[in-house]
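All remarks here apply to the structure that follows.
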Amino acid sequence: MQIKQRLTEAVVAAIEQLYGQAIPASMVQLDTTRKEFEGHLTLVVFPFLKMSRQRPEATAEQIGTYLVENLPEVVARYNVIKGFLNIVIADTCWAALLDEIRSDEQWGLKPVTDASPLVMIEYSSPNTNKPLHLGHVRNNLLGWALARVMEANGNRVVKTNIVNDRGIHICKSMLAWLKWGNGETPESTGKKGDHLIGDYYVAFDRHYRAERQALMDTYIAEGMTEEAAKERAERESPLMQEARQMLVKWEQGDAEVRSLWQTMNSWVYAGFDETYRALGVGFDKIYYESQTYLEGKAKVEEGLEKGLFYRREDGSVWADLTAEGLDEKLLLRSDGTSVYMTQDIGTAKLRYEDYPIDKMIYVVGNEQNYHFQVLSILLDKLGFRWGKDLVHFSYGMVELPNGKMKSREGTVVDADDLIAKMVADARELSRDKVNRLDDITDAEADEIARIVGMGALKYFILKVDARKNMLFNPEESIDFNGNTGPFIQYTYARIRSILRKSEQGCTADASPSLATDPSPKEKGVDTFVDAASQSTGAQSDGAASQSVGMLSAVEIALIQQLAAFGASVRKAGTDYNVSVIANYCYDLAKAFNGFYHDFPILREEDGRKRALRLSLCAAVAQVIRTGMGLLGIEVPERM
RNA sequence: GCUCCUGUAGUUCAAUGGAUAGAAUAGAGGUUUCCUAAACCUUUGAUCCGGGUUCGAUUCCCGGCGGGAGUACCA
């Protein structure tokens, strides 16, 4: 924000001049003034007391006087309360800022160039044996939003997905399909492929449990302890043995197994694509574990030769991380097959070859914090430039009222079901309100319901700090009122409605509406600055709604909030916290609604005030659209 | 046991070490001949406990207590 920056510089100069001390800009703390005091920005003077060697009030007075004298075009006046210097910014500054916002569609975002750092973000990363559930939804929405936020902070972003397409889990589904599938396909059943495969995964588990239980009962009857019986049953279960054999065949490249594997995976991918499309997420580059796990093995062998790792007598390969305060970590099993960590190393190798990565971000649940701590150290040892500083964007679990979601126990909230329900609810809700949109077509109503339903779902998830576990109660549907996505979308739709009306009105009576001004560049500045400067004689007594010339306190507060957008984007980027943007958008919409309720816009008779308010409306709509866009949330023209 | 994360109104969430801890929802009450009432206004209600650091602590440090996760030749 320009105003804040100029003030900061002036304060640094003031300290230099008054107390002869050079201070870093970071010492200048300027907060938004609390609404019970007069002022826009408040300087906290406590940090300067040691230099001034005076009481807080006296210090604040001195700095305030300096600012009024040396920066009169910005600082209109000030007041002091204890150690807080409340600064009133000149109207002209706010008016100019409004024009600045309107002149740049991308306002608040940093541009990306070829020289920008390259950030790779891995997210989604599904297993191919079951459909996506609410936990994946959180991952996908966070990953997408984080990518947008990193872009908005001036980074080139590559979005990537590592698909876990091989392993025992997919063999279980394959086996179950062979045994009980009767040749079913997505076409023959009309089921999405990922759901069909998921059903077989569950079927396998059901049969396996029954089988295991029967074996256990036999062993216990033979006199084994329950624990020993369970262990033996798991080892000797014919179903599980078959699944393991299938995995071995897969690794050996058995044509029949590979062919089935490919067919079933293709069903799953078609299903995933549909879900990804509904969520509005996508990827620039997709990796498959079936293509990376061998690379990982090679990389581990390489590390073994360099003496970074060691081999035990049974043939397994380990990394000793006790020097780093961690344990020893398995990298290759005694039979030479790879583990999770091996695959991540292999994936890293391929990515390293494909892109000049400056920073790598993994969007993965917090249950894997330890894994990424280890991965970072291993990649660093293996010579990956970005390994040491890799970011594990660790997010919390989505919990249900009765605990965690468990695929096998069927206590999951299915992504497709949830999406369908949100859109259906939005459609249902809009039925009561369509009377005001009487010319609407069914297709348009469907599209609005999609935007609003998805908006509710996305905002519900993204407004929460990603690190925290969050609760989802399927009994209570996600809200459309209050602090929600639709609230913000509604605010946007209302503004758009006003701007449309003003366009119609403008062509009719040629009133000075900025919303329809064909050349945004020539609008505003003169009009607003003139209007505002004529009013500088007027004094505000701080009463909330009293106008200061053209700009009321409420309008200035709105502009000030708009001005803070860039800072929110930066904070979201440096903290890797997209919820900052969600909360910003809510606060802005909330503030606008108050303004909308109390102030006439189209009905305002003073042409210049009307133009200014329309411009303010347009700026709010613009920032809401940009901010929500960073979250991957669309905004409707009507709703 | 050890490591990490986390404890804020009844509930779901906010608060770069700053002024009287904000919202939403639920509860109570109000607002529509007027630009979209998915809105607006009023009201009830909270920092787990004990120390420490300092002008100032929900925030940082130490110790408890509660919740979650990890500590697999699973991914």
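In segment A:58-73 there is at least one residue matching the filter, namely being assigned by TED's automatic domain parsing to the domain that holds A:THR8, in contact with a Lys or Arg (Cβ under 8 Å, 6 or more places away or on another chain) and within 16 Å of A:ILE3 (Cα to Cα). When segment A:132-169 is filtered for residues that are on the phi < 0 side of the Ramachandran plot, over 9 Å from the mean Cα position of the chain (by Cα) and small (Gly, Ala, Ser), the ones remaining, listed by number, are A:GLY135, A:ALA152. If you go through segment A:375-385 and pick out every residue that is buried (at least 17 other Cβ atoms within 10 Å of the Cβ) and either away from RNA strand B (no atom under 16 Å from the Cβ) or not in a helix (DSSP H, G or I) (or both), you end up with 4.
Within segment A:309-329, being crowded, with 16+ Cβ neighbours inside 10 Å and under 39 Å from the mean Cα position of the chain (by Cα) holds for A:PHE309, A:VAL317, A:TRP318, A:ALA319, A:LEU321, A:LYS329. I'd like the residue in segment A:386-402 that is at pLDDT 90 or above and not hydrophobic (A, V, I, L, M, F, W, C) and, out of all such residues, is farthest from RNA strand B (Cβ to nearest atom). Out of the qualifying residues, it is A:GLY387. The set of residues in segment A:346-374 being part of a helix (DSSP H, G or I), surrounded by fewer than 18 Cβ atoms within 10 Å (Cβ to Cβ), touching a residue at least 60 places away in the same chain (Cβ under 8 Å) and away from RNA strand B (no atom under 15 Å from the Cβ) consists of A:LEU350, A:ASP354. Output yes when any residue across segment A:89-106 is part of a loop (DSSP other than H, G, I, E, B), within 14 Å of RNA strand B (Cβ to nearest atom) and within 39 Å of the chain's Cα centre (by Cα), and no when none is. No, that holds for no residue.
For A:VAL74, indicate whether it is hydrophobic (A, V, I, L, M, F, W, C), closer than 24 Å to A:GLU555 by Cβ and in contact (Cβ under 8 Å) with a residue 12 or more places away in the chain. Criteria met by A:VAL74.
Restricting attention to segment A:576-587, and to residues there that are assigned to a helix (DSSP H, G or I), more than 7 Å from RNA strand B (Cβ to nearest atom) and of a type in the set (A, V, I, L, M), which single residue is farthest from A:ASP389 (Cα to Cα)? If we take residues in segment A:576-587 being assigned to a helix (DSSP H, G or I), more than 7 Å from RNA strand B (Cβ to nearest atom) and of a type in the set (A, V, I, L, M), then A:ALA582 is farthest from A:ASP389 (Cα to Cα).
Restricting A:GLU476, A:GLU428, A:GLU399, A:GLU503 to those that are surrounded by fewer than 18 Cβ atoms within 10 Å (Cβ to Cβ) and in a strand (DSSP E or B) reduces the list to A:GLU399. Which condition does A:GLU637 not pass, out of (1) farther than 22 Å from A:LEU551 by Cβ; (2) away from RNA strand B (no atom under 14 Å from the Cβ); (3) surrounded by fewer than 18 Cβ atoms within 10 Å (Cβ to Cβ), if it passes all the others? Of (1) farther than 22 Å from A:LEU551 by Cβ; (2) away from RNA strand B (no atom under 14 Å from the Cβ); (3) surrounded by fewer than 18 Cβ atoms within 10 Å (Cβ to Cβ), only one is false for A:GLU637: (2). Here A:VAL413 passes the criteria (1) out of contact with any strand residue (DSSP E or B) (no Cβ under 7 Å at 6 or more places or on another chain); (2) at pLDDT 75 or above except the one numbered (1).
Against the criterion of being in a helix (DSSP H, G or I), within 8 Å of RNA strand B (Cβ to nearest atom) and within 27 Å of A:GLY154 (Cα to Cα), A:LYS590 does not qualify. Of the residues making up segment A:10-60, those that are part of a loop (DSSP other than H, G, I, E, B), more than 10 Å from RNA strand B (Cβ to nearest atom) and of a type in the set (A, V, I, L, M) are A:ALA22, A:ILE23.
The values are calculated or read from the model by the stated rules, or taken from the named source; none is laboratory data. As the structure is a computational prediction, the values presented were derived from the model and not from experiment. Cβ atoms come from the backbone with ideal geometry, glycine included; neighbour counts cover every protein chain shown.
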